[in-house]
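In what follows, a single structure is set out as structure tokens and then discussed.
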Amino acid sequence: MPPTSEEPVVYDHEKDDMFVCPWMGVVANIKTLEKDGTYNWVSSSKLRDELRSKGFNALKVHHLGNFKGFSGFSIVEFGSDWDGFKNAIMFEKSFEVNNRGKKDYYAAKNLEDNRYGWVARKDDYESHSLVGDHLRKKGDLKTVSGKEAEDQRKTLKLVTKLTHTLETNNERLREIETKYMETSTSVAVVVRQKDEMAKSFNEDIRKMQQAARDYMEKIFSEHERDRSQLYVHEQQLKQREKQLQHQLAQNEAEKELHHAWRMLESATLEQEKADENVLRLAEDQKIEKEKLDKEIIELQKQLDAKQAKELEIERLRGALQVMKLMGDDEDMKVGKNIDALQEELKEKEEEYEETEQLNQTLIIKERKINDELQAARKELINFLRPRLATRAVIGVKMMGSLDRKPFCNDMKRKLPGEEAEVKALELCSLWEGYLTDPRWHPFQIIKDDEGNQKEIINADDEKLKNLKEECGEEVYNAVIVSLNEMNEYNPSGRYTVPELWNHKENRKATLREGVEYIMKLWKGNKRKKT
């Protein structure tokens with residue numbers, strides 16, 4: 001069956017008649033009588049519009065003429081499909097109903113200004129006239145049954161070709177889906193490895209920072225111990241000097257005093273040397289910290305570049321697999337693309353290996369420097385820890401310690417005088433015991449928008465709810481701050497941990513701030529001695 005609209009109903013003799021295909025109609029005796037008695041020929045576009053208005057759906061209209069002028073005949077094209085055939089038959093019937101068909105045209109003695117029309121057939125096609133010339137130029141002779149058979153053959157051939165093409169495309173689609181799943185799995189593995197590498201890198205950085213803090217704590221602790229011993233020795237010498245002043249007459253006493261002053265001067269020189277060593281160490285640690293910051297930034301860039309290269313390599317591999325699957329031996333363009341992708345993939349893999357080697361070297365160097373910085377930070381904390389109560393701009397804060405001031409304020413509102421202080425001390429001691437008890441864990445785990453797990457305070461914990469109801473918001477917030485600090489710095493041991501702290505901005509101080517503060521103290525002491 002033809003793939004267009006439903007076939008028109010035709011008589012048996014019409015199935016055997018020879019028609020001109022594409023289907024064409026002949027309009028004869030085209031002229032228009034004007035009011036002045038002259039005739040003017042209607043234009044082809046106007047005639048076409050007239051036929052369309054009658055429902056014949058004419059595609060084109062051709063006026064036939066030669067050097068003598070317009071012949072009065074026009075050819076109407078209806079197309080080569082079955083809708084066109086139907087329109088052509090209706091066109092012919094409309095003229096035959098009014099006795100203006102082909103037979104009427106040739107039998108009429110006086111045509112007057114009446115138009116005649118019919119479907120072009122074999123005799124029109126073979127006639128030696130302008131009509132025959134045009135029909136032979138534009139079409140061929142076919143029977144309706146022949147046209148049906150031809151359309152069926154074309155339809156069958158088209159269906160067969162489309163079926164084969166569909167099966168081939170489905171097979172290729174299945175292969176591409178398989179390769180896509182393999183590539184997706186490979187990319188997922190790379191992403192997971194990237195996350196693991198980032199986690200390991202962050203853990204190494206944390207350990208390096210902790211080691212630097214421990215080292216600084218040790219250095220400043222020893223320095224502070226030497227300063228304390230020197231101060232005690234100086235006080236002892238001064239006391240001894242007072243005693244010896246009462247025995248100026250005795251030569252031995254004078255010698256001993258002279259010797260003691262020499263020892264004091266020597267100790268003072270040693271202290272100045274120790275101060276200079278601390279300053280030099282602080283400056284060295286400051287320089288090393290700046291170098292470490294630069295190397296950490298460079299290491300992060302290298303890590304990002306490495307991860308980008310990994311993803312690019314996986315993308316190129318996936319694209320190469322798809323290109324190999326979709327290409328064939330005759331498609332030279334696909335072959336060139338595959339060669340280019342293979343070359344690019346090889347270059348990316350070589351760049352990835354070089355980046356990996358550089359990353360390993362930078363990580364080792366960065367760990368070594370960060371270990372030294374962590375040790376320096378620890379020494380700095382040990383040096384400043386005896387000044388814990390001074391509340392200087394830069395000092396040491398015991399992370400997890402409970403602020404007693406809110407307890408005192410609450411008790412003073414409820415109880416008089418010394419009773420309030422005693423009760424506040426008892427309540428504060430009770431909660432310090434709760435905070436250091438590992439069995440009490442008022443936290444809950446949630447997931448953020450990125451899917452990462454983190455711990456937050458459980459607002460439904462009975463102890464915290466009772467505390468808030470009995471003592472108010474200020475005491476409750478003090479306990480919450482202590483809990484969060486304890487959980488951050490020492491969740492397993494549940495005891496306080498010293499931390500270098502910026503009291504002015506209420507945050508953890510940087511190693512640079514601590515070193516600058518020590519240098520300021522040293523310069524102040526130096527000016528006092530001079």
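Summary of values
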| quantity | calculated |
| --- | --- |
| Members of region 97-131 that are out of contact with any Leu (no Cβ under 7 Å at 6 or more places or on another chain), surrounded by fewer than 16 Cβ atoms within 10 Å (Cβ to Cβ) and under 26 Å from PHE67 (Cα atoms) | TYR106, ASN110, LEU111, GLU112, ASP123, GLU126, SER127, HIS128, SER129 |
| Residues (modelled with pLDDT under 90, surrounded by 11 or more Cβ atoms within 10 Å (Cβ to Cβ) and among the β-branched types (Val, Ile, Thr)) located in region 423-477 | THR436, ILE456, ILE457 |
| Filter result (farther than 11 Å from MET24 by Cβ, of a type in the set (D, E, K, R) and in contact with a Phe, Trp or Tyr (Cβ under 7 Å, 6 or more places away or on another chain)) within region 114-153 | ARG136, LYS142 |
| Verdict on ALA376 being at pLDDT 80 or above and open to solvent by less than 10 Å² (accessible area, probe 1.4 Å) | no |
| Selection within region 182-208 - open to solvent by less than 50 Å² (accessible area, probe 1.4 Å), farther than 20 Å from TYR352 by Cβ and not acidic (Asp, Glu) | SER184, ILE205, MET208 |
| Subset of region 147-205 [in contact with a helix residue (DSSP H, G or I) (Cβ under 9 Å, 6 or more places away or on another chain) and under 30 Å from PHE19 (Cα atoms)] | LYS147, GLU148, ASP151 |
| Subset of region 478-503 (residues that are more than 15 Å from GLU432 (Cα to Cα) and either surrounded by 15 or more Cβ atoms within 10 Å (Cβ to Cβ) or among the β-branched types (Val, Ile, Thr) (or both)) | TYR489, PRO498, GLU499, LEU500, TRP501, ASN502, HIS503 |
| Counted residues, region 52-66 - those being more than 17 Å from LYS31 (Cα to Cα), in contact with a strand residue (DSSP E or B) (Cβ under 9 Å, 6 or more places away or on another chain) and open to solvent by 50 Å² or more (accessible area, probe 1.4 Å) | 2 |
| Verdict on VAL76 being closer than 25 Å to TYR106 by Cβ, open to solvent by less than 40 Å² (accessible area, probe 1.4 Å), at pLDDT 85 or above and not small (Gly, Ala, Ser) | yes |
| Condition met for LEU141 (in a loop (DSSP other than H, G, I, E, B), open to solvent by 40 Å² or more (accessible area, probe 1.4 Å), out of contact with any Asp or Glu (no Cβ under 7 Å at 6 or more places or on another chain) and among the aliphatic types (A, V, I, L, M)) | no |
| Any chance LYS423 is part of a helix (DSSP H, G or I) and either touching a residue at least 40 places away in the same chain (Cβ under 8 Å) or farther than 30 Å from LYS378 by Cα (or both) | yes |
| Qualifying residue in region 25-39 (condition: open to solvent by 10 Å² or more (accessible area, probe 1.4 Å), of a type in the set (A, V, I, L, M) and at pLDDT below 80) | yes |
| Among (1) open to solvent by less than 20 Å² (accessible area, probe 1.4 Å); (2) within 18 Å of ARG404 (Cβ to Cβ); (3) under 42 Å from the mean Cα position of the chain (by Cα), the one test that LEU511 misses | (2) |
| Selected residue (criterion: nearest to the chain's Cα centre (by Cα)) from residues of region 40-63 that are among the hydroxyl-bearing types (Ser, Thr, Tyr) and modelled with pLDDT under 80 | SER44 |
| Neighbours by Cβ (under 7 Å, 6+ apart or cross-chain): first from region 498-521, under 11 Å from ARG213 (Cβ atoms); second open to solvent by less than 40 Å² (accessible area, probe 1.4 Å) and of a type in the set (Asp, Glu) | LYS508/GLU499 |
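The values are calculated or read from the model by the stated rules, or taken from the named source; none is laboratory data. None of the values given here were measured: they were computed from a predicted structure. Here the Cβ is made from the backbone with ideal geometry for all residues, glycine too, and neighbour counts use every protein chain on show. Remember, those area values only see protein heavy atoms, side chains included, never the ligands or the DNA or RNA. Shrake-Rupley method; radii C 1.70, N 1.55, O 1.52, S 1.80 Å.
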